[in-house]
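Structure record follows, encoded as structure tokens.
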Amino acid sequence: MSEGELKAVEDRPAKTAHPWVAPLLLTVGVQAVAAFLSRLPPTVAPILTAERSIDSSTIGYLSAINTVGAMVFLLAGAPLMERVGSVRTLQIGLVLGALGVLMMALPSALVLLPAVALMGLGYGPSTPAGSDILHRYVPKNRQALVFSIKQAGVPIGGVLAGFILPPLIDLGGLPLCLVVSAAIAVLCAVVVQPMRRRLDPLDRGGPPLKVAHFFAPENLSRPIRCLLHTPGLVRLAMTGLALALSQGIWIAFLVTVLVEQGELSLLAAGSLFGVMQVAGVIGRIALGWVADRVGSSTATLQVIAALSAICTACLAYVGADTSSFLLTLLCAIAGATVTGWNGVQIAEVARLSRPGEIRETAAGATLLLFSSYVIGPAAFALIAQLLGSYLLPLLGVAVITALSAFIPRSGAGRSGA
């Protein structure tokens, strides 16, 4: 069979009625498993820190190192995606995550930092590689919804971690929990293998993989250069930066604020955190549908920013006299807005990206988001500690989020930037 005939075979799925269904199932499945692995350290933190004889606060540093690992891939991973394709890169990410989990099983605290860094490195391909796959197969008028469904894999992974990991620890301790988690990641990598030839272009090409290529200055600066040189994306990325700040604060401090300001029990606060996570799954899908129906992802993001700011301001004034109904309502709305915007933003990044630069541009935008996830909670914690209260820091986050609603003036609609 000639190269042209092979190319025709590869293009055949695009002519079916719903060619985007299989790519969506692949990307949302990988996203959920990758998120499941990233939620593992904080979920098993009490057992992990006790068995490794380290302070419980160390989990904060481990979470930060995990995110830094993902950022390293976003900066340097372009040569790998070019050489082996997006599906293979997702598979490699899952295997790296599994290796990191297995490293955590070693009875030494010294391996925890490289282990979580490796897990973060494995999480890194999820957005750029997944964006490339979906952008090639999903119709433009459905991209916000489909990208949002894919991003719903993140809270789904968190929910799965909460339901699966504690029973595994009760059943066989930390070692069983870690081995089963690694096996889930490897199994997912194997399951998507039959789809690789169908979804990845035949002409992947790219230069031979050498360490020097990954860390060359030109490669490391590429994601940011693609972001800066694409009209409309800088404003969109800045909006995402502010929304990520609010999202990171809610995920990191909701339980603490509810316990300390709202005087709730840890169980009650944890249940409300679960409400937020479930609402996040629903919200991501619903907001993607709204963005496609309205015909403007940027307008949708502006409304989300306003609602997120209101939710954060309300959280600042939560007290012991706040009713359970209002707390549940607040966490549900926050889950749908504060944690539900990612798919809409990533779909718009893909839409505005220049041809052939979707993976790199998505990596640059995600890199900014992750930097906000790392720096935001740390800065918030420092300010709250200095002031001795969460009131003013939360109001400050609310103001920053509200101002971000006025940033993305350029991307009016889904037809032009």
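The values are calculated or read from the model by the stated rules, or taken from the named source; none is laboratory data. What you see is a predicted model; the values in this text were computed from it and never measured. In this analysis, Cβ positions are derived from the backbone assuming ideal geometry, glycine residues included, and neighbour counts consider all displayed protein chains. Ligands, DNA and RNA are excluded from the accessible area calculation, which covers all protein heavy atoms including side chains. Shrake-Rupley method; radii C 1.70, N 1.55, O 1.52, S 1.80 Å.
Summary of computed values
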| read-out | value |
| --- | --- |
| Identity of the residue in segment 85-107, closer than 17 Å to S131 by Cα and β-branched (V, I, T), that ends up most open to solvent (accessible area, probe 1.4 Å) | I92 |
| Checklist (1) farther than 22 Å from S126 by Cα; (2) outside any helix (DSSP H, G or I); (3) open to solvent by less than 10 Å² (accessible area, probe 1.4 Å) applied to G340, failing item | (1) |
| Condition met for L145 (of a type in the set (A, V, I, L, M), closer than 17 Å to Q31 by Cα and open to solvent by 10 Å² or more (accessible area, probe 1.4 Å)) | yes |
| Matching entry among L171, L176 (being of a type outside the set (V, I, T) and touching a Leu at 6+ places or on another chain (Cβ under 6 Å)) | L176 |
| Test for I407: is it more than 23 Å from L272 (Cβ to Cβ) and either at pLDDT 90 or above or within 19 Å of the chain's Cα centre (by Cα) (or both) | no |
| Number of positions in segment 311-337 that are surrounded by fewer than 16 Cβ atoms within 10 Å (Cβ to Cβ) and in contact (Cβ under 8 Å) with a residue 60 or more places away in the chain | 1 |
| Filter result for A279 (of a type in the set (G, A, S), surrounded by fewer than 21 Cβ atoms within 10 Å (Cβ to Cβ), in a helix (DSSP H, G or I) and touching a residue at least 24 places away in the same chain (Cβ under 8 Å)) | no |
| Qualifying residue in segment 346-354 (condition: of a type in the set (D, E, K, R), part of a loop (DSSP other than H, G, I, E, B), surrounded by fewer than 20 Cβ atoms within 10 Å (Cβ to Cβ) and at pLDDT below 90) | yes |
| Selection status of I47, more than 22 Å from L134 (Cα to Cα), over 15 Å from the mean Cα position of the chain (by Cα) and open to solvent by 20 Å² or more (accessible area, probe 1.4 Å) | yes |
